[in-house]
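To start, the structure itself, in structure tokens.
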Amino acid sequence: MTKKLKKKGKKILLSAAIFFVAIISKTIMKEGELISLLLFGASYLIVGMEVLKKAGRNIKSGQIFDENFLMVIATFGAFLIKEYPEAAAVMLFYQIGEWFQSYAVNNSRKSIKEMMELRPEEARVLREGNEITEDPEEIKTGEIIIVKAGERIPLDGVIIEGSCSLDTMALTGESIPRDTVAGEEVASGCINLNSVIKIRVTKEFSDSTVMKILELVENATSNKAVTEKFITRFARYYTPIVVILALLLAVVPSVIFGNFQIWGYRALSFLVISCPCALVISIPLSFFGGIGGAGKKGILIKGSNYLESLAKAETLVLDKTGTLTQGSFEVVEVAVCKEGMKKEELLALAAHGEYSSNHPISKALQKAYGKETQKEAIGESEELPGFGVKASYKGCVIYVGNQKLMEKIQVPYEQPGKNGTICHIALELPKEKREYLGYVVIADRIKEEAEATICELKRQGLKRIVMLTGDRREEAKAVAEKLQIHEYYADLLPNQKVEILERILSEEGKKVIFVGDGINDAPVLARADLGIAMGGLGADVSIEAADMVIMNDRLSKIVTGIKISHKTLSIVKENIVMAIGIKILVLILAALGITSMWAAVFADVGVAFLAILNAMRAMKIKEYVC
């Protein structure tokens, strides 16, 4: 609990104590009107001074009609007609409701506050051989920083010395530490759990992951949902209307029937009830709770309007590579066609032949080989664009490439009906003809959770799911069939993805979501009604272009986000119906004189309190697990 909340709580307790003393005094001393006025007045001023000041400031600035104005008119009127207990009670219970509202907001902000604490205050930097403590904003790219066990990484960079386990929970929502070694990139905001590491800074503090996230979080509440905008407009017209109605209720019946005190009292009760506190408080709080709950699970949503779009979407468009698949090539099959040769030998030749290449296929072969490459045994190497590579190795020549390469060097080969990239391997020994050895299939694996997630997304109400990819049609078809995605487009350039999305947007009346990896899909992310970036950890483009960022590459987080959005909107609707419905009922009863100001107080504070409790449920949504 914050100091401000504690201080306000003490004022409320003091005011309540004086209020009860005043009640006892009024009961015992039937003629002690002055003492009652002083005691009830003291109770009123202790909790009401803040409201009086706000009302005064708002009137000066031209913002007259708000809940503070209503409270002042109602309570001053009660004092004028000598209903001192009601006047003090209105302000006391109003402030109790406000205290619970502040407490609820404080709780809903906890997860976002944890994110705000990501900002490091200092960093250790090596300069001229000395370790210096410096403000992260003063450290430049290329400098070396030291991060000890238990410390938060202050800047993005690459580990150049040491290895450690990183706690990435604040960024990704994942509880399992991530092991990192020298040569790997690390993002600011992660916590080094167990050993000293040295990092070469690759981004200045203003461009770091931490700052991107903080900017996103700080601006999240500025993007209001349609429902929130409705509440703002509603309150703008609602307040002057109820003031006029209260005035008419006090004057017109008094002129016709007489007895101004009775009708004035009813008008004051009418004003107290009319305060739209529950509505104005609970709707933004519900959205804030949803955004905070999502942030705690590693899902950053830039505003409540995007949370609303997520709940209303019926079409989902997904990129394939990096979203539905792992986004990295792996050897999935090794086929030996030469008698007596082992798979390990074929992989060794392929890895040595591709050693000098920077192509992703080369990296996949090196990884599959898994042993130290004999660099000294590799001679001249030649890239053959559109075909593959040719390299000398231990006195022979290795050819690694596609079917065109085999045709070019006139080697008969096998062409398997496999999905993926086929790398054929041939060998040329001195004074002997070239010989075909076999092939390796390299593919991008489908994520383990992809199939279950797609099924669950359909159950969540997404009626149309489309896959876009720049890969070959055969590979796209295999992935689409595996995941039961019936609409897909392949061989696409980035601009063609935008064109297809534009066509889908023109066809659909509902919101359209696009999910991509946030790097090469930035134009499509920006164009969609709701752009979701996968694996946003450290990816500037994803945080810039997307409306929602999943801080790891888990596809199931989309389901969690949709569940949070549905629950949040459901709570918002419940609060609107409850607040307006009860308000209208009690307003009618007050106008007819059936309820007293005491009932008005409890109706106002009670409805606000119930709406706040309901809004807090938006933070308690379970994460979807495949």
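Of the residues that make up region 445-457, is at least one at pLDDT 85 or above and more than 26 Å from residue 329 (Cα to Cα)? Yes, region 445-457 contains a residue that is at pLDDT 85 or above and more than 26 Å from residue 329 (Cα to Cα).
Pairs linking a residue in region 460-477 that is under 28 Å from residue 564 (Cβ atoms) to a residue that is part of a helix (DSSP H, G or I), with Cβ atoms under 6 Å and 6 or more positions apart or on different chains, are 460/562; 467/480; 468/497.
Pairs meeting the criteria (first residue in region 251-264 and under 14 Å from residue 591 (Cβ atoms), second residue among the hydrophobic types (A, V, I, L, M, F, W, C) and surrounded by fewer than 11 Cβ atoms within 10 Å (Cβ to Cβ), beta carbons under 8 Å, at least 6 apart or on different chains) are 263/257. Filtering region 46-89 to residues that are at pLDDT 75 or above, within 22 Å of residue 18 (Cα to Cα) and under 42 Å from the mean Cα position of the chain (by Cα) leaves 46, 47, 48, 49, 50, 51, 52, 53, 72, 89.
For region 1-19, taking the residues that are within 32 Å of the chain's Cα centre (by Cα) and within 13 Å of residue 96 (Cβ to Cβ), the one that is modelled with the lowest pLDDT is identified as 5. Applying the criterion of at least 1 residues that are under 30 Å from residue 484 (Cβ atoms), in contact with a Pro (Cβ under 6 Å, 6 or more places away or on another chain) and at pLDDT below 80 to the strands (runs of 3 or more DSSP E) found wholly in region 248-361 leaves 325-336. A single entry from 354, 308, 333 fulfils the requirement of being under 30 Å from residue 460 (Cα atoms) and in contact (Cβ under 8 Å) with a residue 40 or more places away in the chain: 308.
Could you grab me the full set of residues in region 5-34 that are in a helix (DSSP H, G or I) and free of Cβ contacts under 8 Å to residues at least 12 places away in the same chain?
Within region 5-34, 6, 7, 10, 13, 17, 20, 24, 27, 28, 34 meet the criteria.
In region 525-543, the residue that is modelled with the highest pLDDT out of those that are surrounded by fewer than 24 Cβ atoms within 10 Å (Cβ to Cβ) and not in a loop (DSSP other than H, G, I, E, B) is 527. Out of curiosity, is residue 428 acidic (Asp, Glu), within 28 Å of the chain's Cα centre (by Cα) and surrounded by fewer than 18 Cβ atoms within 10 Å (Cβ to Cβ)? So residue 428 does not fit the description; no.
Given the structure, is residue 225 modelled with pLDDT of 80 or more and within 25 Å of residue 559 (Cα to Cα)?
Details: modelled with pLDDT of 80 or more: no; within 25 Å of residue 559 (Cα to Cα): yes.
The answer is no for residue 225.
Can you find a residue that is of a type in the set (Gly, Ala, Ser), at pLDDT below 75, over 30 Å from residue 293 (Cβ atoms) and assigned to a helix (DSSP H, G or I) anywhere in region 97-120? Within region 97-120, not a single residue is of a type in the set (Gly, Ala, Ser), at pLDDT below 75, over 30 Å from residue 293 (Cβ atoms) and assigned to a helix (DSSP H, G or I). Quick check: anything in region 609-617 more than 30 Å from residue 460 (Cβ to Cβ) and modelled with pLDDT under 85? Yes, region 609-617 contains at least one residue that is more than 30 Å from residue 460 (Cβ to Cβ) and modelled with pLDDT under 85. For region 544-569, give me each residue that is assigned to a helix (DSSP H, G or I), at pLDDT below 90 and surrounded by fewer than 19 Cβ atoms within 10 Å (Cβ to Cβ). Selection gives 544 alone. Of everything in region 362-382 that's at pLDDT below 85, surrounded by fewer than 14 Cβ atoms within 10 Å (Cβ to Cβ) and among the charged types (D, E, K, R), which residue is farthest from the chain's Cα centre (by Cα)? Ranking the candidates gives 376 first.
The values are calculated or read from the model by the stated rules, or taken from the named source; none is laboratory data. Every value quoted in this text rests on a predicted model; they were computed, and no experiment measured them. We place every Cβ from the backbone using ideal geometry, glycine too, and count neighbours over all the protein chains shown.
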